[in-house]
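The values are calculated or read from the model by the stated rules, or taken from the named source; none is laboratory data. Fair warning: this is a prediction, and the values are worked out from it, not measured in the lab. Glycine also receives a Cβ, built like all others from the backbone with ideal geometry; neighbour counts cover every protein chain displayed. Each accessible area value is taken on the protein alone, full model and side chains, heavy atoms only, with ligands, DNA and RNA left out. Shrake-Rupley method; radii C 1.70, N 1.55, O 1.52, S 1.80 Å.
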Amino acid sequence: MAAFVAAILAQASDRTPWLTAILSTRFAKPGAVIAGTVIALAIINAAGAIGGAIIGPRITPNAQNLLLALALLSAGGSALFPIKPPDRLSGWRIGAFATSLFGVAILALGDRTQFLTAALAARSPTPVLAAVGATLGAMVVNIPAIILGEEARKALPLAAVRITVGVLFLLVGAVMALSAVRLI
């Protein structure tokens, strides 16, 4: 559940839904864009969960909490800055599915959702659930972006969402960090 909620919040203030909205509008094939996006995000979140599963058992519970706090602080800090428009991938001529698959995978590699997934997987006895939750949470944001397209995305109050998510992540991350180092 934590990965699901974290992914929804992280994706709401990220470039991935923007790219998927662009691709959906460009190709007018939302099914292919959804399929490519789901697979790409599942692979990226699985990689994050594998990283967390490898690191988690090797660090103490306090270090696991500190890792999650750092992921939240990183996600919160980056959410406070305006997001740069993603490359429109207009030169890619490999179709809706492949463009979505590779474009989303490249964009999501190493992003805040993947870092949060890794940190949550490091704390979990079943890291696969972190990957599943993060993928489902990311799709809660990306599927509407794909269905509605780029014009509808422009009408949303994304700056307010981004700042709210950033402040929320920073607050929760700060409390977790202070707790992990036993200051509260």
Positions within the range 106-153 being free of Cβ contacts under 8 Å to residues at least 24 places away in the same chain and either more than 14 Å from residue 16 (Cα to Cα) or of a type in the set (S, T, N, Q) (or both), in sequence order: 125, 126
Test: residue in the range 58-74 that is in a helix (DSSP H, G or I), of a type in the set (Lys, Arg) and open to solvent by 60 Å² or more (accessible area, probe 1.4 Å): yes
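Here is a yes/no grid of residues against (1) among the acidic types (Asp, Glu); (2) open to solvent by less than 50 Å² (accessible area, probe 1.4 Å); (3) under 19 Å from the mean Cα position of the chain (by Cα):
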residue: 13; (1), (2), (3): no, yes, yes
residue: 33; (1), (2), (3): no, yes, yes
residue: 47; (1), (2), (3): no, no, yes
residue: 56; (1), (2), (3): no, yes, no
Residue count, the range 48-76 (criterion: more than 23 Å from residue 132 (Cβ to Cβ) and either touching a Cys at 6+ places or on another chain (Cβ under 9 Å) or among the polar types (S, T, N, Q) (or both)): 2
Contacts under 6 angstrom Cβ, first residue in the range 53-71 being touching a residue at least 24 places away in the same chain (Cβ under 8 Å), partner open to solvent by 80 Å² or more (accessible area, probe 1.4 Å) and assigned to a helix (DSSP H, G or I), 6 or more apart: 64/123
Conditions (1) in contact with a helix residue (DSSP H, G or I) (Cβ under 6 Å, 6 or more places away or on another chain); (2) surrounded by fewer than 22 Cβ atoms within 10 Å (Cβ to Cβ); (3) among the hydroxyl-bearing types (Ser, Thr, Tyr); number of the one not met by residue 90: (1)
The one condition in (1) open to solvent by 40 Å² or more (accessible area, probe 1.4 Å); (2) under 24 Å from residue 166 (Cα atoms); (3) outside any helix (DSSP H, G or I) that residue 115 fails to fulfil: (3)
Of all residues making up the range 151-167, the number that are within 19 Å of the chain's Cα centre (by Cα) and assigned to a helix (DSSP H, G or I): 11
Any hit, the range 39-47, residues being at pLDDT below 95 and either under 16 Å from residue 105 (Cβ atoms) or of a type outside the set (A, V, I, L, M, F, W, C) (or both): no
